[in-house]
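Written below as structure tokens is the structure these notes are about.
The values are calculated or read from the model by the stated rules, or taken from the named source; none is laboratory data. Not measured: the values here are computed from a predicted model. Neighbour counts are summed over all protein chains in view; Cβ atoms, including those assigned to glycine, are modelled from backbone coordinates with ideal geometry.
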Amino acid sequence: MKLDTKIKPTLVHAETRGGLRVIRLSDPERRNALSAEMRAAIEAALAAANADPAIAGIVLAAEGRAFCAGGDLGTMEGMTAAEAEARIRDAHRLPRAIHASPKPVVAAVEGICAGAGLALASICDLMVIGAGARFVTAFEKVGLMPDLGACWSVAQRIGPQAARRLFLLGGDLDAHDAAALGLCDLLVAEGAAETEAEALALRLARSAPGTRSAVRALFAALPARLDDVLAAEAATQPRLYLSEDLREGIAAFRARRDPVWTGR
């Protein structure tokens, strides 16, 4: 096993195994929340893997009991309108980087996968989940819309109507519910997701590059381009960052009570 020391070790570990690069979110105390620093570390690890001719495929995994708890709520308050728009546009670099990766990316999900974490796992080419995985939409709990392309990537997996229902009503899916819905590609025993994801990534890496490229391009056009979804997010999410409902949602989440929405 070779550890890539160029990646900040407190946030992301990058390991090379058998022609694969395993990129592991490594901030378990914060349940691998997607802070700006975490996103940048993942992007850097992806870029390094894609630049290395010895790497055939990428596995996105996580350390600890959560794959990713979603966005960092503590950084979402007190922004100006310009800062809010800059934040979401900066965040869009990560789903674009995964989606545009010339090498296949497979997510290995164990434990909690919430909010933006769901978007992160869903945008990967394939998703393997352990039997203890749990998916929580989270956006509706704090007064935000799905972001990081979640409306696009989740709809690609389960269909637009099921995705619309999931995000409007909110969802808390265990691994078996997620598999039945079609959210993941493979359900395995708890603790086995990373091993099985590596096997799938190698299988993908061994497939014809032209086939992979054509299939990915075809599905990228259905039912809308990712950029169209990201543009819609950029037009809406900044306003939600500035809303009273976001502040109320965060306060209610922290107090473990039901929020009182005002629509402001």
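Name the one entry in Ala208, Ala255 that is over 25 Å from Ile98 (Cα atoms) and more than 21 Å from the chain's Cα centre (by Cα). So the residue among Ala208, Ala255 that is over 25 Å from Ile98 (Cα atoms) and more than 21 Å from the chain's Cα centre (by Cα) is Ala255.
Take the conditions crowded, with 18+ Cβ neighbours inside 10 Å and over 30 Å from Leu246 (Cα atoms) and apply them to Glu194. Does it pass?
Criteria met by Glu194.
Whenever a residue of the stretch 237-249 is polar (S, T, N, Q), its partners that are part of a helix (DSSP H, G or I) and buried (at least 17 other Cβ atoms within 10 Å of the Cβ), lying with C-beta atoms within less than 8 angstrom and at least six residues away or across chains, give the pairs Gln237/Ala84; Gln237/Ile88. Scanning the stretch 103-156 for residues that are aromatic (Phe, Trp, Tyr) and closer than 14 Å to Ala178 by Cα yields one hit, Phe135.
Taken over the stretch 118-156, the criterion of being assigned to a helix (DSSP H, G or I) and of a type in the set (Phe, Trp, Tyr) is satisfied by Phe139, Trp152. Residue check: Glu140 meets all listed conditions (1) more than 16 Å from the chain's Cα centre (by Cα); (2) buried (at least 24 other Cβ atoms within 10 Å of the Cβ) but one, namely (2).
Scanning the stretch 180-194 for residues that are part of a helix (DSSP H, G or I) and either free of Cβ contacts under 8 Å to residues at least 40 places away in the same chain or among the aliphatic types (A, V, I, L, M) (or both) yields Ala180, Leu181, Ala193. State which residue pairs qualify: first residue farther than 16 Å from Ala66 by Cβ and inside the stretch 2-28, second residue in a loop (DSSP other than H, G, I, E, B) and at pLDDT 90 or above in any location, beta carbons under 6 Å apart, and separation of 6 or more residues or different chains. What qualifies is Gly19/Ala56; Arg21/Ile55. Any residue that is in a helix (DSSP H, G or I), under 11 Å from the mean Cα position of the chain (by Cα) and touching a residue at least 40 places away in the same chain (Cβ under 8 Å) - is there at least one of those in the stretch 105-117? Within the stretch 105-117, one or more residues are in a helix (DSSP H, G or I), under 11 Å from the mean Cα position of the chain (by Cα) and touching a residue at least 40 places away in the same chain (Cβ under 8 Å). The set of residues from the stretch 92-115 being at pLDDT below 95 and of a type in the set (A, V, I, L, M) comprises just one member, Ala100. Hey, does the stretch 42-59 have a residue that's buried (at least 18 other Cβ atoms within 10 Å of the Cβ), of a type in the set (Gly, Ala, Ser), more than 24 Å from Leu173 (Cα to Cα) and touching a Gly at 6+ places or on another chain (Cβ under 6 Å)? Yes; the residues of the stretch 42-59 include at least one that is buried (at least 18 other Cβ atoms within 10 Å of the Cβ), of a type in the set (Gly, Ala, Ser), more than 24 Å from Leu173 (Cα to Cα) and touching a Gly at 6+ places or on another chain (Cβ under 6 Å). Is it the case that the stretch 79-92 has a residue that's within 17 Å of the chain's Cα centre (by Cα) and surrounded by fewer than 16 Cβ atoms within 10 Å (Cβ to Cβ)? Yes, the stretch 79-92 has at least one match. Return yes when Leu169 is out of contact with any Asp or Glu (no Cβ under 6 Å at 6 or more places or on another chain) and buried (at least 16 other Cβ atoms within 10 Å of the Cβ) and no when it is not. No; evaluated as a whole, the condition is false for this residue.
Report, by residue number, each residue of the stretch 116-148 that is modelled with pLDDT under 95 and on the phi > 0 side of the Ramachandran plot. Hits for the stretch 116-148 are Ala138, Gly143.
Need at least 1 residues that are of a type in the set (D, E, K, R) and either at pLDDT 90 or above or farther than 28 Å from Cys124 by Cβ (or both) per element, so show me which helices (runs of 4 or more DSSP H) inside the stretch 199-264 make the cut, counting only ones lying wholly within it. Break it down stepwise before answering.
Working: elements: 209-220, 226-241, 244-255.
Correct list: 226-241, 244-255.
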